[in-house]
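*Asks:* This structure is in structure tokens; I'll ask about it shortly.
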Amino acid sequence: MDKIPKTDPGFGHDDGLAAKDGDQRTYLAHPFVGVGAVVWRGDEFLLVRRGKEPRRGEWTIPGGRQDIGETVRETAIREIMEETHVQIEIAGLVDVIDAINHDQDGRVRFHATLVDFAARWTGGEAKAGSDAMGVGWFRLDDLPGLGLWDETNRIIRESALIARS
């Protein structure tokens, strides 16, 4: 089977339906893999305010797209450094979930398979990278006021048990 170079602008797209805004994650022929980590520093966890769609401006778990040839653990470590400038150690896998969005015609517009880890902060001062509008340390008591996706709340709560063990 021939491999399509990662730099090909049509990489993995289905019938040229990619969003006109240049989002290379919509109308793909296959799901893409996103990897994130809930980073714990004592009783606080780190979130980023998204700088890009989907969910631009909302708080979420830091992470991003897995690169070809990269393990999911390597992706988590790289993405956390890129988005937050902190170093981490992976404590364990929390869950793998799917985020699927359909368009008005019922076609799958967006499908991400999300691999979420629990991690411990090991160094660095948190500051927003180029993909983020901001970063912040929060406590579990803050969750109700953050307006997070239900799955994000669940992942954060479950990660606390893993990271603290």
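*Asks:* Under unit Cβ charges (Lys, Arg +1; Asp, Glu -1), what dipole magnitude, rounded to 20 debye, does the chain have relative to its Cα centre?
*Replies:* Dipole size: approximately 260 debye.
*Asks:* Which percent, nearest 5, of DSSP beta bridges in the chain are antiparallel?
*Replies:* Approximately 75 percent, going by the DSSP bridge assignments.
*Asks:* Ok, one more. Report relative contact order for the stretch 32-163 in percent, whole number only (criteria: Cα-Cα under 8 Å, sequence separation at least 6).
*Replies:* 33
*Asks:* Same structure again: For the ranges 29-39, 88-98, what's the packing order if you count other beta-carbon atoms within 10 Å of each residue, average per peptide, and put the highest first?
*Replies:* Details: 29-39: 20.8, 88-98: 16.4.
Peptide ranking by packing, descending: 29-39, 88-98.
*Asks:* Helix-only mean residue ellipticity at 222 nm, the chain, DSSP H runs n ≥ 4 weighted -39,500 (n - 2.57), per residue, nearest 500. What is it? Let's see the in-between values first.
*Replies:* Working: 2 runs with 27 residues, N = 165.
Calculated at 222 nm, the ellipticity per residue is -5000 deg cm²/dmol.
*Asks:* Going out from 0 in 5 Å bins, what whole percent of all Cα-Cα distances in the chain drops into each bin?
*Replies:* In order of increasing distance, the bins hold 2, 9, 17, 21, 20, 14, 9, 6, 2, 0, 0 percent.
Quick note: the coordinates plus some simple rules give every number you see, no bench work behind them. Here the structure is a predicted model, which is why all the values come from computation and not from measurement. With ideal geometry, Cβ positions are generated from the backbone for all residues, glycine too; neighbour counts draw on all protein chains shown.
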